[in-house]
Structure formats: C-alpha cells, structure tokens
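Report on the following structure.
The values are calculated or read from the model by the stated rules, or taken from the named source; none is laboratory data. Note that the structure is a prediction, hence the values are computed from the model and not measured. Cβ coordinates were reconstructed from backbone atoms using ideal geometry, including for glycine residues, and neighbour counts include every protein chain displayed. The area values use the complete protein model at the heavy-atom level, side chains included, leaving out ligands, DNA and RNA. Shrake-Rupley method; radii C 1.70, N 1.55, O 1.52, S 1.80 Å.
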Amino acid sequence: MSLAALNGRDLLSLADLSEAELLGLLDLAANLKTGEVQPQCRQVLGLLFSKASTRTRVSFSVAMYQLGGQVLDLNASVTQVGRGEPLMDTARVLDRYLDIVAIRTFAQAELETFAHYAKIPVINALTDLEHPCQILADLQTIQESFGQLSGLTVSYFGDGNNVAHSLMIGCALAGIHVRIATPADYQPLPEIIEQTRRIAGDRSQVIITDDPKAAAEGSHVLYTDVWASMGQEDLAESRIPIFQPYQINANLLSLADSEAIVLHCLPAHRGEEITEDVMEGSQSRIWDEAENRLHAQKALLVSTLGVLES
Ligand code: CP
Ligand code: NVA
C-alpha cells in the first residue's frame, strides 16, 4: 500500500521516502531477489550519466531488462548535454520519450532542475550530495545479515561524502543508530547532520566524531568509501595521511560486535580506506551488497513506474 504512493515519484534524496516506503522497498527487493514476485514492464529507462559507473549503470540496465523493459545509455558526451544544451530543455524533451530517467551528475541542483522540468520519475544515481540507490542496497544487505534494522548500530569511517550523507539519512529513517567518524575537516554537511537528527528524533542516536575507535566499539556494521570521490582525483594523494586513522582494518574490526559485518559501496582502494584482509575476510558482505544494487533498484523501478501488479 505504501509503495503505490511511489508511482510517478522522483527519488532525489533518500529523505524523499517515508520510513514505511523505505521498508516497503526493502521487502519488495527481498521478494524480487527470491523470485517470489516477478513483475513485468515495457517501459524505457534512460541513464543520463556524467560520471563513470560500473555497478549503477549495469545493475539498473539488467534490472530493466529482467523486467522486460528497455534501457538507453545516454552519457553527456553522446548527447547535446555535453555541448551545453540547457538541462531544462533536455529534461522537457527526454520527458516526451522516456518513462523514467536515472541521472548521475555533480551538483544536486542539476538533478533538481531536471526533475522540475520533467514529469517522469527522476532517480538520483549519484550526485556530489547523495547516493540514495546505494543505501537501498546497503540496508537490504544489513537486513539480510541481521533479520532487522531498527536498533542496530552502523558506523561509517572516512570522508563525510555523498555516500555518508545518504547512509545517515537511511539509517535514521530505519531507526538505526549511526556513527560517522571522519577527520574534523571532512564531516558531513551541517544541513545533512541536522536533517538526519530531525528524522531520527529520539528513536536512534546520531553521532558525529573524529574518533574512529569510539565509533567502531560494539558496532554491527562498519562501512567505508573512497577518501577522494569522483571529481576530487587531484586531492587523493594529499588526503592519504589525513584519512589513514580511519582505515577499516583488522584492529578496527576487532572493536566491533563479534557478529559485525563490513560494507563498502565500491570501487575500493585496497590498502587505503580498507585493507585486503578485511575486504576478502569472513565478515565482509561487500559482494552481496553489490548484488543487492540489482534487486533494490528493481524494486525502485517497479514502484516508481507503477507496475507492481502487472
Ligand atoms: N557504488 C557505485 O555506485 O558504483 P559505480 O560507481 O560503479 O556505479
Ligand atoms: N563517494 C564516491 C562513491 C562512488 C560510488 C564518489 O562519489 O566517487
């Protein structure tokens, strides 16, 4: 019932979802994964990507093909977008051809402009501000591992970036305690911290700290991402010594709950934000997490396209 309300909606931020919608999507993703439900559609998804992508591009494409739909891979360099055609014009034109569009770009404002001018559902496939689709898969993976979400503790280590932002919001929506451990100058944006605290209310704790050990203590999920995101490549080298204390390694993992799992959105830099032994170790759920991109996004596609019952 709550998923019917997603028909025609955009997903620009994870905060666009209510708790019931988020949990409904995760249930549907689990049922799609087992094959318990097999919805079909004939719609066309456009992928308008201005940054590189392996997982998001392929998982969205395969999800759409498995549903019986079609995909157009439209990156900036093969469209007039790359030659400066205004987004507000592109949006109104693509709106007439496509049924849904997933956009990967830099500024959240570009995504919002597109969504303002297009009536079809617009999905955030990563911006500098958020990566909501990633966190749908992460929460699905956490639910698979623990059989619950509410009451768990998730700890994130590294850069207070797009992934950290969506993770915070997603955890707050699901009643998960969240700890974000970053160097002092690399905390999440104050407005995202405030928004997360507002969503969490008195249901779950939101801790922002520069102490990685305190953040790991007794936690159920240790999560990390690259120290320099796409567009920050020239900062990568200089950031290594700043972020080194936030590496997920065996020492940090030993402080967590004995059943703790390790997540990474990928791509990973082994030896930087995560060590090889932890990434390949028995507590890593990184490959299930990557697989769940397919199921979680399929749930999102059928819900926003309104083809749940077909
Ligand atoms: N995690 C993620 O979004 O991966 P891609 O950049 O490969 O899509
Ligand atoms: N924070 C990373 C995530 C990649 C999936 C980036 O934006 O490059």
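For the chain, modelled as a GNM whose springs connect Cα atoms under 10 angstrom apart, the maximal fluctuation among ALA181, ALA296, ALA107 occurs at ALA107.
Charging the Cβ of each Asp and Glu at -1 and of each Lys and Arg at +1, and nothing else, the dipole of the chain about its Cα centre rounds to 840 debye.
Relative to the longest principal axis of the Cα atoms of the chain, the long axis of helix 87-97 makes an angle of roughly 60 degrees. Treating each Cα of the range 16-127 as one equal point scatterer and applying the Debye formula with no solvent, the log10 of I(q)/I(0) at q = 0.18, 0.19 Å⁻¹ comes out as -0.98, -1.07. In the context of the full protein assembly, ASP95 retains an accessible surface of approximately 20 Å², using a probe radius of 1.4 Å and ignoring ligands and nucleic acids. Helix 190-200 versus the longest principal axis of the chain: what angle, 0 to 90°, nearest 10, using Cα atoms? Tilt relative to the chain: about 90 degrees.
Solvent-accessible area assigned to carbon and sulfur over the chain amounts to 50 percent, based on a 1.4 Å probe. Dimensions of the range 169-211 from C-alpha coordinates, computed as largest minus smallest value along each principal axis and given longest first, are 27, 19, 15 Å.
Please report the spacing between the Cα centers of the range 168-241 and the range 265-292 in Å, no decimals. The distance from the Cα centre of the range 168-241 to that of the range 265-292 comes to 18 Å.
What is the projected area of the convex hull of the Cα atoms of the range 1-64, averaged over all directions, in nm²? Kindly include the intermediate steps, with their values, before the conclusion.
On the way: hull surface 21.3 nm².
Over every viewing direction, the Cα hull of the range 1-64 projects on average to 5.3 nm².
When every Cα-Cα distance of the range 164-259 is counted in 10 angstrom steps from zero, the calculated P(r) takes the values 15, 44, 33, 7, 0 percent. Angle of helix 162-174 to the longest C-alpha principal axis of the chain, folded into 0 to 90 degrees and rounded to 10: 90°. Surface exposure of the range 1-139, expressed per residue as accessible area with a 1.4 Å probe, stands at 44 Å².
Quick one: Kirkwood hydrodynamic radius for the chain, alpha-carbon pairs, angstrom, one decimal?
Working: mean 1/r = 0.0512 Å⁻¹.
Every distinct Cα pair counted, the radius reaches 19.5 Å.
Given in Å, the Rg to one decimal and the Dmax to the nearest whole number for the Cα atoms of the range 122-214 are 12.4, 39.
Between PHE49 and LEU74, ASN75, ALA76, ARG104, the built amide H atoms are under 5 Å apart, and every one of these is 5 or more places off in sequence or on another chain. Which aspartates and glutamates have a Cα lying under 14 Å from the Cα of LYS33, excluding residues fewer than 8 positions away in the same chain? The qualifying aspartates and glutamates are GLU144, ASP288, GLU289, GLU291. In the chain, the DSSP-assigned H stretches of four residues or longer account for a calculated mean residue ellipticity at 222 nm of -13000 deg cm²/dmol, using -39500 (n - 2.57) per stretch and the full residue count as denominator.
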